[in-house]
1. Return one number: the angle in degrees, 0 to 90 and rounded to the nearest 10, between the long axis of the Cα atoms of helix 119-128 and the longest principal axis of the Cα atoms of the chain.
2. List the residues whose amide H sits under 5 Å from the amide H of V81, counting only those 5 or more places along or on another chain, with H placed 1.01 Å from N in the peptide plane.
3. Kindly state, to the nearest 0.05, the FRET efficiency for Y76 paired with E177, given R0 = 22 Å and r defined as their beta-carbon distance.
4. Treating the angle as unsigned and between 0 and 90°, give the value, to the nearest 10°, between the Cα long axis of helix 63-72 and the longest Cα principal axis of the chain.
5. Through the Karplus equation 6.51 cos²θ - 1.76 cosθ + 1.60, θ set to phi - 60°, convert the phi angles of the stretch 156-163 into ³J(HN,Hα) values in whole Hz; use x for Gly and Pro.
6. Please go through the stretch 103-140 and write out the chymotrypsin sites (Phe, Trp or Tyr not before Pro) that DSSP classes as loop and that have at most 14 other C-beta atoms within 10 Å.
7. Give the Cα extents of the stretch 2-192 along the principal axes, in whole Å, largest first.
8. Please arrange I101, I138, I187 by counting, for each residue, the other beta carbons lying within 10 Å of its beta carbon, fewest first.
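Any read-out appearing in this document is the output of simple, stated calculations on the displayed coordinates, not a laboratory observation. Only a predicted model underlies this, so the values are computations on that prediction, with no experimental measurement involved. Cβ sites come from the backbone with ideal geometry, for glycine too, and all protein chains shown count toward neighbours.
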Amino acid sequence: MQFVGPTGVGKTTTLAKIAALEMTKHHQNVAFITTDTYRIAAVEQLKTYAKILDVPLEVAYSAEDYQQAMQKFADYDLIFVDTAGRNFLDATYLNELEQSIELTDNMQNYLVLSLTAKQSDLLLLLKQFEKVHIDGLIFTKLDETRHFGSLFTLPCKSGLGVAYLSNGQAVPDDLIEPNPEDISSFIMGDFDEK
C-alpha cells in the first residue's frame with residue numbers, strides 16, 4: 001500500500017494507523033518503506049512507529065533503493081510505503097514521485113487528502129493525480145472540520161471510493177473504515193448545521 005498526497009495531510013500517521021489495524025484485526029505481517037527523505041525528521045517519525053509496532057523499515061533514497069526494499073520485503077503480507085508530501089500542483093513533483101516509486105496496478109495506491117483543505121484545491125489535486133493509478137481516497141482531519149462535502153464530491157468526480165477516514169492523532173484508534181451510511185451521516189450532519 002502506497003500513500004501519496006500533499007504536504008501536511010498526515011500520511012505517515014495514517015499509514016501507521018492502517019498498519020496497526022491490519023496487524024491486530026487481520027493478523028497481517030507488515031513492513032515499512034519510506035521515500036520521504038525531504039521533510040526534517042520524517043524518517044525518524046516512521047522509525048518510531050516501526051519500533052512501536054515492531055515492524056521492519058527501509059529508507060529508500062532512490063528508485064533502486066525502493067526496488068531493493070520491495071524485494072527484501074517480498075514475503076510480507078503487506079508493504080506500506082510512505083512518500084514525501086510535495087506541492088503536487090506542480091507537475092514536476094508528480095513526475096519525481098513516479099520516478100521514485102511504482103504507481104502501477106501492482107500496488108494499491110491511496111491518495112491522502114485533508115478534509116480541512118478547500119474543495120477547489122482538492123479537485124485540482126485530484127486532476128493532477130488522474131495521470132497515475134490511484135485505487136482509493138483517504139481523508140484525514142475529520143475531527144478538525146464540520147464541512148464534509150468533499151466526502152461526496154471527490155468520489156463522484158474521480159470514481160474512487162473512500163477507503164479510510166482519519167479522525168485524530170491516536171494510533172491505531174482514530175481511524176474509520178467507512179461504509180456508505182457513515183459517509184451519508186457525515187454529509188447530512190453538515191447539511192443540518194446550515
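1. It is inclined by approximately 40 degrees.
2. So V81 has HN proximity to Q2, F3, I33.
3. On the way: r = 21 Å, r/R0 = 0.96.
Calculated transfer efficiency: 0.55.
4. 80 degrees
5. Using θ = phi - 60°, the values come out as 5, 5, 9, x, 9, x, 9, 7 Hz.
6. Working: sites: Y110, F129, F139; in loops: none.
Listed in order of number, the matching sites amount to none.
7. Result for the stretch 2-192: principal-axis Cα extents of 50, 38, 30 Å.
8. Values: I101 21, I138 24, I187 17.
Neighbour counts put them in this order, fewest first: I187, I101, I138.
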